[in-house]
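A quick write-up on the structure given underneath.
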Amino acid sequence: MKDKFYGFIPSILLVIIVLGSGLLMFDVSRQESATMDELAHIPAGYSYVKYLDYRLNPEHPPLLKVLAALPLLGMDLKFPTDSPKWEKEVNYQWDIGSLFLFNSGNNPDDIVKNARIFPIIITLLTVILIYLWSRELLGKWWALLPAFLFAVSPSVLAHGHYVTTDIAAAFGFLLAAYLFVRFLNRRSGLNLILAGIGLGIALLLKFSTVLLIPLFIALAFFYWFGEKIRGFETSFWRHAKNLILVFVIALAAVYAAYFVFTLNYPIEKQVSDTKSILENFQPQALAQFNVRLAESRLMRPLGEYMLGVMMVIQRSAGGNTSYFLGEVSKIGWHYYFPVVFLLKESIPALILLFLSMFFGLKNIIVKFKGGKIFQKFAEYLGTNFAEFSLFLLILLYWAYSINSTLNIGFRHLLPLIAPMYILAASGLKNWLSAGSNNGPKRAILAIVLVWCAAETFAAYPYFLSYFNEIGGGTMNGYKYVVDSNYDWGQDLKRLAKFVKNPPGGGSIEKIAVDYFGAGDPAYYLGKDTVEGWYSSKGDPREENIEWLAVSAEFLQNSVQPTDSTITRKPGEDYGWLKELRPAPAGLGNTPQPDYRVGTSIFIYHL
């Protein structure tokens, strides 16, 4: 009886991990205002499920948005389908979002609160999936380690409760890879269908999951290669046929979803929208092919999916204005994601990752010594194919990220986190089992895990702005990089509380607000209290306004030096503020505020 209870302990601990992570996300979700991308995703998802019309936000697949919108169907909401911005304009997602949330008589906080339910659920399902796959590889006790690391990661807790596609992508990558590897190891008709469905789900969660296609091709090849070298009778063409069937099933899933959500999207509107969006796309021959798909009633679901992929390509090629390490640029940096990873991943997690990497490489070198590389590699594939698959996924995704010019946040690295944690747990298990005196090793591991939890609780409730000690900590991370790494508009409701109860008592009758995010300052602070502001409007005191609130994103992109890709017009650098509040010396310092709201809104009492 005692042994039976002991066997249930890992499951009980997993439940505690999942519940704890969920409660943290649920709690923080209620404190924060809508973040930037939620302004587009929430109304788009609602329009898909309510009207079966895909005209909004085609640059992202529908599944996460649809799931987020399901709880909204039970609410009595008004949607601006009578607005010219819905009827005539092309993808006016931000304007429709503002109308839907703040200018149609709806309660935006209730909408955002309910829309975030399914993103939280997907995050928790990712924790469970990490545990299930890790249990197959490492056993039920060691499987708790990567599940715990993912569940308490400040970046996961931050993005896990937003209606955005980043954590959904992490789930999609892991689910598809798990089901495909499972099929390769245990080939059956059912597992093949599940692998295809898993890939289809991933493709419907985020367009970056298209990377799974070359990954699956590579994995199928290496699996066949390993069998061939080990002397098994294996057919390359059978593997190729199975791979094609997996892709066909995934394509069918994508087609089915887009068929449903374009049912009421007028075909003439889809065609004109496609032409407008791809007007400058190169090569134009591909754009014209997409237009032909949109014109076909049978093929237009695939045309709409293809449009989204092409929009991502188009946006990536165009770059994105970003602040990073003391400079504002439009073309990005190849070292952006590695540096951001080192600044935002917690130090105890980095210790575990690098420790496992060191001993893992050491073991590989020992294993492959002495020639017969192909034979030893084939033997390795035969016993460690799942781990090899995770490693290949990490390698492919890192290569993709480093070559991307779309440098807008650590969130794009979230699909890497789970595979890295699983491999780290595998390496640490091997390290701990090597040698006879494991007491000190266990003590080190325990200390580091407690440190991970402590980092998380210290960051609460500002998970989005979390930076480790190398990055100056949560309150100083803005000096290195902003955007969704630090400031995504999450602190607007906190600004409203500040205005109602400023330090020193009294009240703020008027405040100039230069806000980056999805919220409407006038809605939360009052129309008579807020004056919309930006740098070139000058000093608010000239209009008898003594208070200024500026989002860190706008402030850094205004005051920091630019490279040759950016040309600032006179007055766009907050020069008057820099004279009034000289910035301290050092990387990324800004005119020092009198107060901070949350982490991301700087307050100046002029």
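The values are calculated or read from the model by the stated rules, or taken from the named source; none is laboratory data. No experiment lies behind these values; they were computed from the predicted model shown. Positions of Cβ are backbone-derived with ideal geometry, glycine not excepted, and every protein chain shown enters the neighbour counts. These accessible areas exclude ligands, DNA and RNA; they are computed on the full protein's heavy atoms, side chains included. Shrake-Rupley method; radii C 1.70, N 1.55, O 1.52, S 1.80 Å.
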Answer yes if at least one residue in segment 408-417 is touching a Phe, Trp or Tyr at 6+ places or on another chain (Cβ under 7 Å) and over 18 Å from K206 (Cα atoms), and no otherwise. no
Checking the conditions here, which among L414, L393, L432 is touching a residue at least 40 places away in the same chain (Cβ under 8 Å) and more than 16 Å from S153 (Cα to Cα)? L393
Can you tell me how many residues within segment 61-110 are assigned to a loop (DSSP other than H, G, I, E, B), hydrophobic (A, V, I, L, M, F, W, C) and closer than 26 Å to L302 by Cβ? 1
Going through V482, V448 one at a time, which residue ends up being among the aliphatic types (A, V, I, L, M) and modelled with pLDDT under 95? V448
Looking at (1) over 29 Å from L548 (Cα atoms); (2) open to solvent by 50 Å² or more (accessible area, probe 1.4 Å); (3) within 23 Å of the chain's Cα centre (by Cα), which one does I444 not meet, given that it meets all the others? (3)
Just to be sure before I move on: is P43 free of Cβ contacts under 8 Å to residues at least 60 places away in the same chain and in a helix (DSSP H, G or I) in the structure I sent? yes
Just one of S235, S272, S276 is at pLDDT below 95 and either hydroxyl-bearing (S, T, Y) or surrounded by 15 or more Cβ atoms within 10 Å (Cβ to Cβ) (or both); which is it? S235
Conditions: (1) surrounded by 15 or more Cβ atoms within 10 Å (Cβ to Cβ); (2) in a helix (DSSP H, G or I). T383 meets all but one. Number of the miss? (1)
Checking the condition crowded, with 21+ Cβ neighbours inside 10 Å and touching a residue at least 12 places away in the same chain (Cβ under 8 Å), which residue from F79, F173 passes? F173
Could you grab me the full set of residues in segment 233-268 that are in a helix (DSSP H, G or I) and touching a Pro at 6+ places or on another chain (Cβ under 9 Å)? V254, Y255, A256, A257, Y258, F259, V260, F261
Is there a residue in segment 150-163 that is touching a residue at least 60 places away in the same chain (Cβ under 8 Å), of a type in the set (V, I, T) and more than 25 Å from G427 (Cα to Cα)? yes
Yes or no: Q560 touching a Pro at 6+ places or on another chain (Cβ under 7 Å) and under 23 Å from L325 (Cα atoms)? no
Among (1) more than 22 Å from S356 (Cα to Cα); (2) open to solvent by less than 10 Å² (accessible area, probe 1.4 Å); (3) under 12 Å from the mean Cα position of the chain (by Cα), which single condition is V156 missing? (1)
Which condition from (1) more than 27 Å from the chain's Cα centre (by Cα); (2) touching a residue at least 40 places away in the same chain (Cβ under 8 Å) is the one that S98 breaks? (1)
For residues that are part of a helix (DSSP H, G or I) and open to solvent by 10 Å² or more (accessible area, probe 1.4 Å), scanning just segment 201-215, find the one that is farthest from G172 (Cα to Cα). P214
Given the conditions (1) modelled with pLDDT under 95; (2) part of a helix (DSSP H, G or I), report the number of the one that F281 does not fulfil. (2)
Report, ordered by the first and then the second residue, all pairs with beta carbons closer than 8 Å, sequence separation of six or more or different chains, a first member in segment 473-502 that is under 22 Å from V559 (Cβ atoms) and in a loop (DSSP other than H, G, I, E, B), and a second member that is open to solvent by 10 Å² or more (accessible area, probe 1.4 Å) and aromatic (F, W, Y). T474/Y462; D487/F516; W488/F516; G489/Y515; G489/F516
Just to verify a result, which residue in segment 64-92, among those that are of a type in the set (K, R) and more than 23 Å from the chain's Cα centre (by Cα), is farthest from Y54 (Cα to Cα)? K78
Filter result for N114 (without any contact (Cβ under 8 Å) to a residue 24 or more places away in the chain and either surrounded by fewer than 22 Cβ atoms within 10 Å (Cβ to Cβ) or in contact with an Asp or Glu (Cβ under 8 Å, 6 or more places away or on another chain) (or both)): no
For residues that are crowded, with 16+ Cβ neighbours inside 10 Å, at pLDDT 90 or above and on the phi > 0 side of the Ramachandran plot, tally how many sit in segment 314-342. 1
Evaluation of V260 against (1) open to solvent by 30 Å² or more (accessible area, probe 1.4 Å); (2) out of contact with any Leu (no Cβ under 9 Å at 6 or more places or on another chain) (one fails), failing number: (2)
Segment 503-536, subset in contact (Cβ under 8 Å) with a residue 24 or more places away in the chain and of a type in the set (D, E, K, R), residue most open to solvent (accessible area, probe 1.4 Å): K510
